[in-house]
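Colleague: Take a look at this one; I'll ask things after.
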Amino acid sequence: MIGVIVPAHNEQDLLPQCLRSLQAAARHGALLDEPVQILVVLDSCDDESALVARAFGALTLSVSARNVGHARRVGAAYMLSRGARWLACTDADSTVPDDWLAQQLAFQADAVCGTVTVMDWGDYGLATQTRYLGRYQACEGHRHIHGANLGICAKAYRRAGGFKPLSAHEDVGLVEALERSGARIVWTALNSVCTSARVDPRAREGFGDYLKTLALPS
């Protein structure tokens, strides 16, 4: 079984498009009908995120941590307890391509670090977009780490000690632990995930805050 983990804090507006894309990825023919279970970890939600998740048939867990690392860790533990052999992580403000899971598994690696593509630069000016694209490497062998586009073999995840309950950079911490454990990691742009460039990001010090720093006058 493949377990997909989506942390969410008040994501009722963007969660539907995320879950639609995950459902499409779960139906990809290359998966040969292997079961895919989608879990939304509802972290301190006081909107309709839970109703949205259940309407799409996703599993849900509720936590009250306001901590994305904690949410991912709890979600991973839950999916492993259900027998997941592979964990795939994305974010509620992101959409994955139809072959997202198929590409991850095709590499036969311990972990797959994918790239992200900003779906809408509407909240930022051209200067910010230009700065971002000038620094980003959307190519094979890149070294970007995104919780919105990450896949890990269950065995490698356990060996590395899993996600730490960090409020930011929990994805970086896990990949660094995977590297120390000798895991084979693929760095690819073949299954890039579309993500939000909103100016009110849910996780502090994450991708959204990075874009904010690029928007500051130089």
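Derivation of every value follows stated rules applied to the coordinates shown; laboratory data play no part. Since the structure is predicted, the reported quantities are computational estimates derived from the model, not experimental observations. Using ideal geometry, Cβ is built from the backbone for each residue, glycine included, and neighbour counts are taken over all protein chains shown.
Colleague: Report the Cα-based extents of segment 143-184 along its three principal axes, largest first, to the nearest Å.
Modeller: Its Cα atoms span 23, 21, 16 Å along the three principal axes.
Colleague: Does anything in segment 22-46 have its amide N under 19 Å from the 7 Å Cα→Cβ label point of residue 81, and if so which residues?
Modeller: It comes to 37-44, nothing else.
Colleague: Let me ask something else. So, counting K/R as plus one and D/E as minus one, what does the shell of residues with Cβ under 13 Å around residue 153 add up to?
Modeller: Neighbour charge sum, excluding residue 153 itself: +4.
Colleague: Can you grab the distance from the C-alpha centre of segment 81-101 to the C-alpha centre of segment 22-51, Å, no decimals?
Modeller: Between the Cα centre of segment 81-101 and that of segment 22-51, the gap is 7 Å.
Colleague: Counting other Cβ atoms within 10 Å, which trypsin sites (Lys or Arg not before Pro) in segment 36-122 have at most 15 and lie in a DSSP loop?
Modeller: Sparse-neighbourhood loop trypsin sites (Lys or Arg not before Pro): 66, 82, 85.
Colleague: Next question. Can you tell me the length gained on complete extension of the stretch residue 23 to residue 44, counting 0.36 nm per residue apart and subtracting the Cα distance?
Modeller: In short, 5.1 nm is gained.
Colleague: Magnitude of the Cβ-charge dipole of segment 1-158, K/R +1 and D/E -1, about the Cα centre, nearest 20 debye?
Modeller: The calculated dipole for segment 1-158 is roughly 620 debye.
Colleague: Then there's this: Given the rule -39500 (n - 2.57) for each run of at least 4 DSSP H residues, summed and divided by the residues of the chain, what is its mean residue ellipticity at 222 nm, to the nearest 500 deg cm²/dmol?
Modeller: -10000 deg cm²/dmol
Colleague: Based on Cβ point charges of +1 for Lys and Arg and -1 for Asp and Glu, what charge dipole magnitude is obtained for segment 30-114 about its Cα centre, in debye rounded to the nearest 20?
Modeller: With Lys and Arg at +1 and Asp and Glu at -1, about 380 debye.
Colleague: Something else now. Tell me which trypsin sites (Lys or Arg not before Pro) from segment 124-154 have a DSSP coil assignment and no more than 12 other beta carbons within 10 Å of their own.
Modeller: Loop-located and lightly packed - 143.
Colleague: Specify which residue in the list 7, 194, 165 is farthest towards the positive end of the charge dipole of the chain, using unit charges on the beta carbon of Lys, Arg (+1) and Asp, Glu (-1), about the Cα centre.
Modeller: Value: 165.
Colleague: Let me ask something else about it. So which GluC sites (Glu not before Pro) in segment 117-184 pass both tests, a DSSP loop state and at most 15 other Cβ atoms within 10 Å of the Cβ?
Modeller: In loop regions of segment 117-184 (DSSP not H, G, I, E or B), the sparsely surrounded GluC sites (Glu not before Pro) are 140.
Colleague: I want to check the label-to-label distance for residue 142 and residue 127. Put each point 7 Å from Cα in the C-beta direction and report it in nm to one decimal.
Modeller: Distance between the two pseudo-spin positions: 2.5 nm.
Colleague: Test of understanding: extend the Cα→C-beta vector of residue 120 to 7 Å, then name every residue of segment 1-45 with backbone N under 17 Å from that spot.
Modeller: Once the point is set 7 Å along Cα→Cβ of residue 120, 11-21 turn out to lie under 17 Å by backbone N, inside segment 1-45.
Colleague: Taking only the C-alpha atoms, wrap a convex hull around the chain and report its volume per residue in Å³ as a whole number.
Modeller: Enclosed volume per residue, from the Cα hull, is 112 Å³.
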